[in-house]
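Okay, so here's the structure we're looking at.
Since every read-out is calculated from the coordinates, none of them should be taken as a lab result. If you're wondering where the values come from, they're calculated on a predicted model, not measured in any experiment. Cβ coordinates were reconstructed from backbone atoms using ideal geometry, including for glycine residues, and neighbour counts include every protein chain displayed.
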Amino acid sequence: MLSVLRLRRLVRQVPLQTSFIFLFLLCILSVFLSSYFLYAVKRKLEPSLAAGRSADDLYVTPSRPLPFLSGVGGTLSSDGSRTDPVVLVLTWKKCNIVKYYYDANEKSLLSAQLKGFPLFLHSNLGLKDCTVNPKSPLLHVTRARQVFSGPLPGDDWTVFQSNHSTYEPVLLAKTRSAESTGLMHTSVVQDLGLHDGIQRVLFGHNLSFWLHKLVFVDALSFLTAKRLSLSLERFILVDIDDIFVGKEGTRMKVADVKALVETQNELRRSIPDFTFNLGFSGKFFHAGTDEEDRGDDLLLSYVDEFWWFPHMWSHMQPHRFHNQSVLAEQMMLNRRFAEDHSIPTHLGYAVAPHHSGVYPVHIQLYEAWKRVWDIRVTSTEEYPHLKPARFRRGFIHRGIRVLPRQTCGLFTHTIFHKDYPGGPQELERIIDGGELFLTVLLNPISIFMTHLSNYGNDRLGLFTFKRLLNFLLTWTHLKLQTLPPLQLGNKYFQLFPSDAEPLWQDPCEDKRHKDIWSKEKTCDRFPKLLLIGPQKTGAMALYLFLGMHPDLSSNYPSKETFEEIQFFSSHSYHRGIDWYMEYFPLPSNSSSDYYFEKSASYFDSDVAAARAAALLPRARIITVLSDPVERAFAWYQHQRAHADPVALKYSFHDVITASHNAPVKLQVLQKRCLAPGWYATHLSRWLEHYHHDQILVVDGQTLKTDPASVMEKIQTFLGLENQVDYHKTLAFDPKKGFWCQLLDGGKTKCLGKSKGQRYPDKQSQVFLRNYYRDGNIQLSKLLYKMGQVLPGWLREDLLNIR
Ligand code: A3P
């Protein structure tokens, strides 16, 4: 069924400034069965007519009430029991799809009037020969031109009948046994809102029928006054990868090349400037039979008729090249081949064999592409994953626009119609209202991947796109277009600007990704533990103590960001996972290496939790929470100690109480001071992305006074076999006033000096207690739900609130 998530994609085409509102509106848009209506169905039933009338007697137009049949009519499922009819009511109310199922075991009647509505339902019917009502005001994408002949899927359809002008049929169909009468029944009806002021669209079945999906898209558009609407523009690009790569006997011959050009011209009648985009690996030029080599020659004689893009010279997978220069040399061979054969080299688009190196990103590929070919656009099916296809997205990395690529049901091995997987009808099914049709319907831009072998032999590629075009033109008003890849890349990110940001995932979590990731890289080089801060709660001390454990290894310090990597919370994220991995040692023994990283900016970052969860879904997360009032003050002191001019200029009280009219710099400092203390808000964000069992909240106060007990708890949390007794390895340094690492010879290694005064003035304390009160209550509820012990300072705070 068309899912709401899929439809969210529709929203992304609305202008940027309104997209947020539309997303919200989408959320409140409901596709729901007014179950109370149908509940009423069981109570308030229209009097039945004489038994013995058949379902074929149902009346066709909605201008006259139906003669209702109780307990008869409708098609029973093969075992004679009633199936579960579904009526979807699409309106503008709730956020979720609610399907109402009749209870198959109930002896409820099959025909009824909706309570309070002049609408009658007949259920459990088998239907056929569906047609679109050309007068329906709903139609936008859907074109009412033809009859969809044949049975509709399922025996459990509901049809609607009414004599009220509020109801306008959208789809009509015959009952399967209506051969003689040819009466049409309304299977999708639009309620114009003339009866009770609410507009609805009622579907007499779920969305498994392709015409329902099509009409559903229009219904969304109509009910939201086009706010949730796609434009009619659809861009299609057909790549023919490996135009010279194919075994003898499967390649294109002269006649195939001619057919390709002819079909291109034919497609151009409906898709202006439609041009096949040919990918080449020069090494395989003239590698077929004599006849096939003549095909290659003819193809090159038409060089200006097509768009061209480079593969690798020998079709090698780029991720196998660790050395960027060697990779670039391979690319140069292909470039020279192109130049020798007058193939254009300036088109800026390339595709990597087997998606290798594009995602997961192999930086060497990106850099070599830019150097040798000035590549600015590529495409892949692998981001974020091959399946489900509807979630594929684009991203931008190192200036290269990566566009999502769609599958059209053709692969290198699909050569003959009769051998098509699932039988010859399967390809037609995919095109005629199936996956391929839906791909074009729901994606403003579709880049399809096909292969040389689809254009020789039975020429399934030509068959597929001609048929697809024909189907689209028959059933939709879509305006089909094409663009060269560079322009298509720009178009894509105009339509989906938020896609530009990539989300890196662990390549080893997806077998397909792992297969195209360099063997020189290992997923064991990622941390298994993140210490997320926030700042000034003791995270640094904890980092030091964790590093004392023989099984734990911390990251190398970063020179740029105060020793912390801050990968997930900063712009460094765009450098990619190879950059991140460089901060961890090469694993010596992958099973025992347990890396951890501390970046105090992760805790309150808007993006860090989602990014971390994408790359490190199994990681353990530790946050240290101390009294937010003290934390805010310590942070302010820290800023002064680091000569922050704004902190030096204003008192703590000035900072925390600054109003909206205060100087911007002061407001910025205030936010940085106070926002990390909204613990519940930030923790909730982490809980959206990690299971609560993966998160440990450490009491900052206990860490200060009894770190050994905290370390014991942490070791259990991490499941470390080797339990270290920190009572023996830590010592309290009275001069420093802190617990420190005990070194050989009785010396201690402590963190820097305490920064002086610990508590803010009384007035500021009162202000902040009040400020954090609600947040602390929320935090206590959250920790309770997580099954975590409340920190002492929080318990105290809650007691004072009472
Ligand atoms: P001050 O620097 O204000 O004294 P973070 O490392 O998260 O920035 O937190 C610094 C705070 O950690 C210190 O604040 C100090 O109060 C606290 N802390 C807890 N245990 C500590 C320890 N063993 N050594 C040093 N500081 C510790």
(Q) From the Cα trace of segment 522-800, what convex hull volume per residue do you get, rounded to a whole Å³? (A) 143
**Q.** Proximal charge balance of Thr412 [Cβ under 10 Å; K/R count +1, D/E count -1]
**A.** -1
Q. Each residue of segment 628-645 in order: what ³J(HN,Hα) in whole Hz does its phi give by Karplus 6.51 cos²θ - 1.76 cosθ + 1.60, θ = phi - 60°, with x for Gly and Pro?
A. x, 5, 5, 4, 4, 5, 4, 5, 4, 4, 4, 5, 5, 4, 9, 6, 5, x
Q) By the gyration tensor of its Cα atoms, with a ≥ b ≥ c the square roots of the eigenvalues, what is the shape of segment 233-499: rounded for a/c under 1.5, prolate for a/b over b/c, or oblate? A) oblate
Q) By counting other Cβ atoms within 10 Å of each Cβ, how are Tyr784, Tyr383, Tyr366 ranked from fewest to most? A) Tyr784, Tyr366, Tyr383
**Q.** Candidates per trypsin sites (Lys or Arg not before Pro) in segment 594-688, loop by DSSP, up to 13 other Cβ within 10 Å
**A.** Arg618
Q) Along the Cα-to-Cβ line of Leu751, 7 Å from the Cα, sits a label point; which residues in segment 723-739 have backbone N less than 18 Å from it? A) 726-727, 729-739
Q) R0 = 35 Å: FRET efficiency of Glu721 with Leu743, Cβ-based, nearest 0.05? A) 0.85
Q: Just add up the charged neighbours of Gln425: K/R +1, D/E -1, any other residue whose Cβ is under 12 Å from the Cβ of Gln425.
A: -1
Q) Short version: ³J(HN,Hα) in whole Hz for each residue of segment 480-496, in order, from phi by Karplus 6.51 cos²θ - 1.76 cosθ + 1.60 (θ = phi - 60°), x for Gly and Pro, what are they? A) 7, 9, 9, 8, x, x, 4, 5, 5, x, 5, 4, 4, 7, 6, 6, 10
Q. In terms of modelled amide H atoms, which long-range or inter-chain residues lie less than 5 Å from the amide H of Asp733?
A. Phe738, Trp739, Cys740
Q.
Using a Cα-Cα cut-off of under 17 Å, which lysines could be cross-linked to Lys283, ignoring same-chain neighbours fewer than 8 residues away?
A. Lys247
Q.
Can you pull out the GluC sites (Glu not before Pro) in segment 260-366 whose DSSP state is coil and whose Cβ has at most 10 other Cβ atoms within 10 Å?
A. none
Q.
Report the gain in length on full extension from Val664 to Leu194: 0.36 nm times residue separation, minus Cα-Cα distance, nm rounded to one decimal.
A. 163.9 nm
Q. So how do Tyr349, Tyr573, Tyr759, Tyr602 line up by other beta-carbon neighbours within 10 Å, fewest first?
A. Tyr759, Tyr573, Tyr349, Tyr602
Q. Taking amide hydrogens as modeled 1.01 Å from N in the peptide plane, which residues meet the under 5 Å criterion relative to Asn206, leaving out close sequence neighbours?
A. Val86
Q: Kindly provide the helix-only [θ] at 222 nm of the chain, computed as the sum of -39,500 (n - 2.57) over DSSP H runs of four or more divided by all residues, to the nearest 500 deg cm²/dmol?
A: -10000 deg cm²/dmol
Q.
Based on alpha-carbon centroids, what's the gap between segment 309-378 and segment 209-262 in Å, whole number please?
A. 26
**Q.** Cross-link reach list, lysines versus Lys128, counting only Cα pairs under 24 Å and skipping chain neighbours closer than eight places
**A.** Lys99, Lys174, Lys213
Q. For Arg512, what is the net charge nearby, where nearby means another residue's Cβ is under 14 Å from its Cβ and Lys, Arg count +1, Asp, Glu -1?
A. -1
(Q) Cut-off is 10 Å between beta-carbons; in what order do Cys673, Cys408 appear when sorted fewest neighbours first? (A) Cys673, Cys408
Q) Relative contact order for the chain: what is it in percent, counting Cα pairs under 8 Å that are at least 6 residues apart? A) 9
Q) If all Cα-Cα distances of the chain are sorted into 20 Å bins from 0 onward, what percent lands in each bin, rounded to whole numbers? A) 14, 34, 33, 19, 2, 0
Q) So how much slack lies between Asp733 and Thr289, counting 0.36 nm per residue of separation and subtracting their Cα-Cα distance, in nm? A) 151.5 nm
Q: Go through Lys387/Lys466; Lys387/Lys785; Lys511/Lys559; Lys704/Lys728 and tell me which ones have a Cα-Cα distance over 23 Å in this structure.
A: Lys387/Lys466; Lys387/Lys785; Lys511/Lys559
Q) Rounded to two decimals, what ratio of Rg to Rh does segment 222-369 give with C-alpha atoms and a Kirkwood Rh? A) 1.07
Q: Can you tell me the FRET efficiency between Lys466 and His571 if r is taken as the Cβ-Cβ distance and R0 is 51 Å, rounded to the nearest 0.05?
A: 0.60
(Q) Taking loop as defined by DSSP and a crowding limit of 15 other beta carbons within 10 Å, which chymotrypsin sites (Phe, Trp or Tyr not before Pro) in segment 406-444 fit? (A) Phe411, Phe416
(Q) Students often forget the sequence filter, so: which aspartates and glutamates lie under 20 Å Cα-Cα from Lys735 once same-chain residues fewer than 8 apart are removed? (A) Asp706, Asp744
Q. Using θ = phi - 60° and the Karplus curve 6.51 cos²θ - 1.76 cosθ + 1.60, what whole-Hz ³J(HN,Hα) does each residue of segment 432-442 get, with Gly and Pro shown as x?
A. 7, x, x, 3, 5, 4, 5, 4, 6, 4, 9
Q: Search the structure for amide H atoms under 5 Å from the amide H of Gly279, placed 1.01 Å from N in the peptide plane, and list their residues when 5 or more places away or on another chain.
A: Ile240, Asp241, Asp242, Ile243, Phe309
Q. What FRET efficiency, computed as 1/(1 + (r/R0)^6) with R0 = 35 Å and r the Cβ-Cβ distance, is obtained for Ala641 and Thr522, rounded to the nearest 0.05?
A. 0.30
**Q.** Gain upon complete extension [Asp706, Val607; 0.36 nm per residue less C-alpha separation]
**A.** 32.4 nm
